[in-house]
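Read the structure below first, then the notes.
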Amino acid sequence: MIIVIIGAQWGDEGKGKVVDLLADRFDVVARYQGGHNAGHSVYVGDRAFVLRLLPSGIIHADKTCVLGNGMVIDPKAFFEEVDQMTSQGIAITPERLKVSSRAHLIMPYHRALDHTSEERLGNEKIGTTLRGIGPAYEDKAGRRGIRVADALVPELLRLRIERNLEEANRIIVLYGRPPLRADEIFDEISLLVERLRPFVAETSHFLAESKKQNKKILLEGAQATLLDVDHGTYPYVTSSNPTAGGAAVGAGIPPHHITGVLGIVRTYATRVGEGPFPTEMTGAEEETANLIRQRGNEYGSVTKRPRRCGWFDAVATRYAAELNGFDSVALTKLDVLDALAEIKVCTGYEIDGRRIDTFPAVSHDLERIKPVYETLPGWQEDTVGITNPDDLPEKARAYVDFLSHSIGVEIGLISTGPERDQTIILRDSVMEGWFKS
Ligand code: GDP
Ligand code: IMO
Ligand code: MG
């Protein structure tokens, strides 16, 4: 069985919490795209973890985790995270953590280029995490990237660094930054990749073998549908494919081996960084945005940037459901809306007085869109930590049903707090089918 977990909005939907919650039912948890631009927070009792590169399943001692070929890996960030987890009592060994030989490395010049590229864009900057993600994927597509396997051959590593740095330094210097030195980069990276060597594996083969042995595999998406480089709000996107198709490519598995897709949907929307956000709460609604930001702790887990907050966008989420083929949805952060007297849901878009029900391709159109809202009554009761669906206030249940209906997908679980057990598991025929065997 292979299940993919995918963020339906602009990220930070609570993928980490849901992966951690479901990990018990799986044997292997794998990431398939992105890098340490992700920040997946998991709370277990009084312990807090933020996973950036490592799959959230790593917290469970008996799970094997995989960093797939579709990822970009900063070796320094990798070991910082491994060391951080070790200091939090999580044992990480090559037996339970496998890094694809085909994943690409993020090099120090990628970080520098992320900065210069944002500087060049000025007012039109993307608002990236400045982790070097975009430039590393550019090198991959440009066929000059350095893969983990290449880096393990010292002569190849040195050659590639020298060749790539020549070009990178021209841009770096153009932006008034000090040029980087090839020998310094080589010394730093070659030490790190030596430490990485025992973790390196043919992860596609490992996943194929695991499947043959009837192991259950969870593919953990990072970022989200509307940040997908093909399907998101381009150019305000990340440089990988978080969507379901990307899971097959980035984990290196046959697409028809995927059993099902679980969408992670928040009861409202947020966005970090720049780019169109039709339902953003601005002007008179800023107070509501502040309330949600405070109740939902909406600050970047990686960059600590305050997240932009907005109402639930059914047009965008329906688009995500269709693109990824969500079989079921985990709805997160219901409790955050407890304080609101009224809750708006965007059920359609209007552009120049015309109603459109599909998500437009051009960012410029999205900036001009007027969301059409329906207003639902808030429940103004405490739902924090509810586990029994019968304990939900009637209006909260009505809100959940409205969202489910508006995106056309059954909701399999509702999250009512950051903790593992603050969850309502609903009777959902789809999810029950997955876990039956
Ligand atoms: P991810 O990137 O999708 O894994 O999401 P993040 O971890 O970046 O952001 C989600 C935040 O919301 C984290 O701090 C979670 O602990 C928290 N969270 C997840 N589910 C819930 C929930 O149902 N209620 C509340 N209040 N917080 C939640
Ligand atoms: P998780 O997995 C929210 C955003 C950045 C920026 C854009 C491009 O925690 O949901 P990048 O550094 O990837 O080139 O930045 O994508 N972004 C995220 N936003 N959650 C994330 O990850 C994100 N990863 C990248 O803010 O707008
Ligand atoms: Mg996050």
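Laboratory data are not the source of any read-out in this text; all were calculated from the coordinates shown. These numbers were taken from a predicted model, which means no experiment stands behind them. Positions of Cβ are backbone-derived with ideal geometry, glycine not excepted, and every protein chain shown enters the neighbour counts.
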Q: With label points built 7 Å along Cα→Cβ from the Cα atoms of ALA398 and ALA141, find their separation and express it in nm.
A: 4.7
Q.
Just to be sure I understand the model, the point goes 7 Å from the Cα along the line to the Cβ. What's the resulting ASP391 to HIS256 distance in nm?
A. 4.6
Q: Could you check what % of the DSSP bridge pairs in the chain are antiparallel, to the nearest 5?
A: 40
Q: Work out the charge dipole of region 234-379 with +1 on the Cβ of Lys and Arg and -1 on the Cβ of Asp and Glu about the Cα centre, then indicate which of ALA289, GLY348, VAL261 is farthest towards its positive end.
A: VAL261
Q: Mind putting a number on the dipole of the chain about its Cα centre? Charges go on the C-beta only, +1 for Lys and Arg and -1 for Asp and Glu, and I need it in Debye to the nearest 20.
A: 1080
Q.
List the aspartates and glutamates whose Cα sits under 16 Å from the Cα of LYS76, skipping any in the same chain fewer than 8 residues away.
A. GLU184, ASP187, GLU188, GLU194
**Q.** Whichever aspartates and glutamates have a C-alpha closer than 14 Å to that of LYS216, once near sequence neighbours (fewer than 8 apart) are set aside
**A.** ASP24, ASP27, ASP62
Q) Based on DSSP, what percent of beta bridges with both residues in region 236-379 are antiparallel, to the nearest 5? A) 70
Q) Could you name the aspartates and glutamates in cross-link range of LYS370, using Cα to Cα under 19 Å and dropping any fewer than eight places away on the same chain? A) GLU274, GLU280, GLU285, GLU286, ASP313, GLU350, ASP352, ASP357
Q) At SER190 and GLU166, where each label point lies 7 Å from the Cα along Cα→Cβ, what is the point-to-point distance in nanometres? A) 2.0
Q) Taking a threshold of 28 Å on the Cα-Cα distance, which of the pairs LYS17/LYS395; LYS140/LYS212; LYS211/LYS304; LYS63/LYS140; LYS63/LYS395 fall above it? A) LYS140/LYS212; LYS211/LYS304; LYS63/LYS140; LYS63/LYS395
Q. Between ALA91 and LYS76, what length comes free when the chain is fully extended (0.36 nm per residue of separation minus the Cα-Cα distance, one decimal in nm)?
A. 3.6 nm
Q. Using the Kirkwood radius built from alpha carbon pairs, what does the Stokes-Einstein equation give as D for region 71-160 at 25 °C and 0.890 mPa s, in µm² per second?
A. 169
